[in-house]
Every structure is written in C-alpha cells, then in structure tokens.
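The values are calculated or read from the model by the stated rules, or taken from the named source; none is laboratory data. Given the structure is predicted, the values throughout are model-derived calculations rather than measurements. FYI the Cβ positions are ideal-geometry reconstructions off the backbone, even for glycines, and counts take in every protein chain you see. Just so you know, the surface numbers come from the protein's heavy atoms only, side chains and all, with ligands and any DNA or RNA stripped out. Shrake-Rupley method; radii C 1.70, N 1.55, O 1.52, S 1.80 Å.
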Amino acid sequence: MQLTRWAAFLLLSGQPWPANAHGTAHESRDTTNSQTAGIYTSRQDTCPTPAILRSPRAQECPLPGRLGILPSIPSSTLAWSQPPHCLPPTNTSRLDCLFTLQSFRNGHGTSVITSTTTMSDLVGAGVFVDRPSPPAAERRESTLGKAYRVQNVPGRGKGVVAARRIRQGEILMVDVPAVLVSMAVLAELKPHLRRRLIKRALEGLPAETRQKVEGLQRGEGQGVDALLGTNTESVMLGEGEAAEVHVGLFAELARINHSCRPNAYYRFSQNRLTMEVVAYRTIEAGQEVLMSYTPLKMKRAPRREYLQQHWNFNCDCPLCHGPEEAAAESEERRTHIDELRATMQDAKANGYFGDAIAIAHDWRDFCEWEDLPLLPAEFYDIVAELHFLAGDWEKAATYARMAVDGWVRFGSVDGSRLERACAFLERASARLREALEPSYKKG
C-alpha cells in the first residue's frame, strides 16, 4: 500500500480525519512525562532477563514490542541516542514512543514516533543496521557521478535537476527519513502536543540533517505542521496485521516538484527504511526531475482543484495545459492500466494463468504507451510466476533468469527482491530439470 501526500496534509492542516481510518480511536494523550521503553525484537520468543525489564503492569511475560513502561532501564537491543520519550499508554497493548538514532545511515540520523510493537518489528528485521551498498549502486555512483543537484527553478522555488543523463529505470536518488510518525499518533494527539512532540523529534537530529529540513519550503499551518504538511510521504511500517501508515519527512525527496506527467517515481523499502527515486524515462542533463503528488488515475479537473487547494499552485504541466482530447486519451489509458492490473490478478486468483499472462503483456504495453513503463525486473517476476503456475517450467525459468539479471542491474539498496528472484529461479530450474530427466534417460 502506497499513499501520497494527502493523508499527512489532512491531519497537519487541522482537517478532520475519518473516524474509521485507524480502527478504535484512543483518547488524546499528553507527552509531558518522559519514560524509557524497552524494545525486544519480534524474533525473541522468551521473556527478557533480568526480571526488572518486564512490564510492571503485566501479570506475565508480555509480547515482544509490548513491554510497557520502564522508568530507568534503557533499551537493551539498540543504543538510542537518548532514552525513548513515551506517551502515557491508553491501554495495556500499545505504547507509543519517540526513538532517535543519530548514527543512522552514517550520521544522517532519524527520529521515529511509533508504537513499540512496530519498533520491535523494525529492530528485529535489522532495519537500523548499516550495510554496504550493492555493487551496482557503487559502480553507478563512482563511474557516473551524482545524478542530480538541488537548485532554483524558475517559478517553482527549489527543485531537483538532472546533473547528467539519467537512464530509464535508473535509481537517481536514495534518501532516508529525517522523521517518521505513526498516523495513529498524529490523529490522536491534540495539535499543540503533536507539534511539541515533532519539534522534539527534529531537535534530536544531527545538525546537518536539521539544516536540510529547516531549509524546506513551508505550507500553511503553525510551526512544524507547516513543514510536515507539504513535505511528507505516507509509507507502511510494521508486519502483517500490525502494519500501520506512517508519514515520513525525506529532506532530499521533498525537493522534487510535481507534474501530472512525471518522469520519476519513488519506491519505499521498509527493510532498509529507504526511499529510492527511479526514472520513468531518460532524463537529460539540465532537465527537472518531477513526480506526481496525486494518484496517477485522478481526473484532470479534480486533480487541479486538489493541487490548488492543498499546495496552492496551478499545475502548468503539458497534461493540464494541453488539448482536451490529449488529456482525455491519457486519462482513458491510465484507467485502463488499473483495470488491466486488476483483471490480471483476478485471472491469476481463479486459475486462468494463460489469460493472466496475455493480460500482463497488454498491461506492460499500455504502461509504455502512457510513458509510465514498468520496471523490467518487476514485470519479469510477475510473468515468471504466471508461467510457473501454468506448468511451463521452461518459460518460467527464462523469465526468472531475466528477473534476476534485472534486479542485479537495478542495484537497489534493498536486496530482498533480488534474493526472492534468485530463490524463484532455483525453484523453476529444478522443476525444469525434473521435467527433462525422462527425456535424458530415453536418449
């Protein structure tokens, strides 16, 4: 699930949030009492020792990430830069805290306001461990140089401009969050308490990161609300049913301006707590990098009204100012792209794998016609699985091999997709060998 900036804006602008957005609502909470939360990874099955680490409110060993309030014991699994600052709990199953780690990603630093359950998942997955960049990413940076620069753009303020030629499908920016905040916390806290907590999160960051954040353009609202309201993206954090929407402030990503016909998009990795910006198509040196602030399937009239209302600008992109006929054709293609994806998934779910494969190719073609091409490795992953389900081991192995090659070339800081593609290639190749063995024996 990937949301755009609208969700954060609703909360930070003081507009009402849907009552059913996060399940049962809790009472507003004060943040005046500072306490320390002990966080244990979701991989830990036993009670912590010594016994003093157990929640004083729990009658027996609590679940990982739900250890309650620890008055003076620091976290046992991660050396936070300061004791986590926790909100008084409203029930025994949830505790929300501010966690700050200044050493995160080689000194960039980050502050995360979330539940101890979510933080437990993140710590257990090794999210805060710095790892070397993949070889493809290192080669890209060392041989081609930095892909972009932030500079003044006429009529737009600051923007991101290509410093060199950026290839289609290339990762041009890698950014990590200065601040991540649970949407549930934003919805429950009173405005002045919310601003106080986020201000504290920003103050805990390293000076260089704070300076980047303070230089961002502000929208309407008071204090940090004006900063976060127009500069954050919504992402999902946590595992399974416990996953929650969070808003993240990515200081470099926030510099990218809007276009309804974007030449780039972002991919968020929870495993690495990283945002990667990818080029939809080739961007020449000197051209501005642009993303869409709204869902791509949004119609022109409501889209322009929304941008004016929430970001106070009239979009001047070719899609908004071009001929009505061209805009209508683009909207029709984008609607059809969504329909094709949904139909492909339905066909797969109902066992019509041949139909799903044909629809997948149509889906790819329409994306290319709309200048919003799919990432090749993702497409190969999808088609490889469909051929596997259809029992065509040879084509499954062929596309799986193409997927592995695509993920290697892509060079994401999150290697999980490459690992899954390699594992799938092994499965498909094993099935293919089994199918060919009788032929070998006859020969």
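Numbers at a glance
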{"item": "Only one of Ser412, Ser429 that is modelled with pLDDT of 95 or more and either in contact with a strand residue (DSSP E or B) (Cβ under 9 Å, 6 or more places away or on another chain) or of a type in the set (S, T, N, Q) (or both)", "result": "Ser429"}
{"item": "Unique match (being over 24 Å from the mean Cα position of the chain (by Cα), crowded, with 17+ Cβ neighbours inside 10 Å and of a type in the set (A, V, I, L, M)) among Ile337, Ile359", "result": "Ile359"}
{"item": "Residue identified as under 20 Å from Val235 (Cβ atoms), open to solvent by 20 Å² or more (accessible area, probe 1.4 Å) and not basic (Lys, Arg) among Val112, Val129", "result": "Val129"}
{"item": "Selected residue (only one of Glu220, Glu241 is without any contact (Cβ under 8 Å) to a residue 12 or more places away in the chain, farther than 30 Å from Leu372 by Cβ and acidic (Asp, Glu))", "result": "Glu241"}
{"item": "Residue in segment 280-303 that is modelled with the lowest pLDDT, counting only those that are surrounded by fewer than 19 Cβ atoms within 10 Å (Cβ to Cβ) and basic (Lys, Arg)", "result": "Arg300"}
{"item": "Checklist (1) open to solvent by 20 Å² or more (accessible area, probe 1.4 Å); (2) out of contact with any Lys or Arg (no Cβ under 8 Å at 6 or more places or on another chain) applied to Leu249, failing item", "result": "(1)"}
{"item": "Residue in segment 166-178 that is over 30 Å from Gly406 (Cα atoms) and touching a helix residue (DSSP H, G or I) at 6+ places or on another chain (Cβ under 8 Å) present", "result": "yes"}
{"item": "Hey, Val185 under 22 Å from Val123 (Cβ atoms), open to solvent by less than 70 Å² (accessible area, probe 1.4 Å), under 15 Å from the mean Cα position of the chain (by Cα) and in contact (Cβ under 8 Å) with a residue 12 or more places away in the chain or not", "result": "no"}
{"item": "Residue under evaluation Gln168, criteria (1) open to solvent by less than 20 Å² (accessible area, probe 1.4 Å); (2) in contact with a Ser or Thr (Cβ under 8 Å, 6 or more places away or on another chain); (3) under 30 Å from Pro376 (Cβ atoms), criterion not met", "result": "(1)"}
{"item": "Test result for Pro191, under 26 Å from Pro83 (Cβ atoms) and open to solvent by less than 40 Å² (accessible area, probe 1.4 Å)", "result": "no"}
{"item": "Those residues of segment 253-279 which are open to solvent by 30 Å² or more (accessible area, probe 1.4 Å) and either in contact with a Pro (Cβ under 7 Å, 6 or more places away or on another chain) or assigned to a loop (DSSP other than H, G, I, E, B) (or both), in sequence order", "result": "Arg261, Gln270, Asn271"}
{"item": "Test result for Tyr306, open to solvent by less than 50 Å² (accessible area, probe 1.4 Å) and outside any loop (DSSP other than H, G, I, E, B)", "result": "yes"}
{"item": "Residue in segment 128-143 that is touching a Ser or Thr at 6+ places or on another chain (Cβ under 9 Å), outside any helix (DSSP H, G or I) and more than 30 Å from Ala162 (Cβ to Cβ) present", "result": "yes"}
{"item": "Residue list for segment 387-413, filter: in a helix (DSSP H, G or I), in contact (Cβ under 8 Å) with a residue 24 or more places away in the chain and over 26 Å from the mean Cα position of the chain (by Cα)", "result": "His387, Phe388, Leu389, Trp393, Glu394, Ala396, Ala397, Arg401"}
{"item": "Hey, Arg417 among the charged types (D, E, K, R), open to solvent by 40 Å² or more (accessible area, probe 1.4 Å), over 27 Å from Glu141 (Cβ atoms) and without any contact (Cβ under 8 Å) to a residue 60 or more places away in the chain or not", "result": "no"}
{"item": "Test result for Ile382, free of Cβ contacts under 8 Å to residues at least 60 places away in the same chain, among the β-branched types (Val, Ile, Thr), more than 30 Å from Glu437 (Cα to Cα) and assigned to a helix (DSSP H, G or I)", "result": "no"}
{"item": "Selected residue [basic (Lys, Arg), part of a loop (DSSP other than H, G, I, E, B) and open to solvent by 90 Å² or more (accessible area, probe 1.4 Å)] from Arg196, Arg218", "result": "Arg218"}
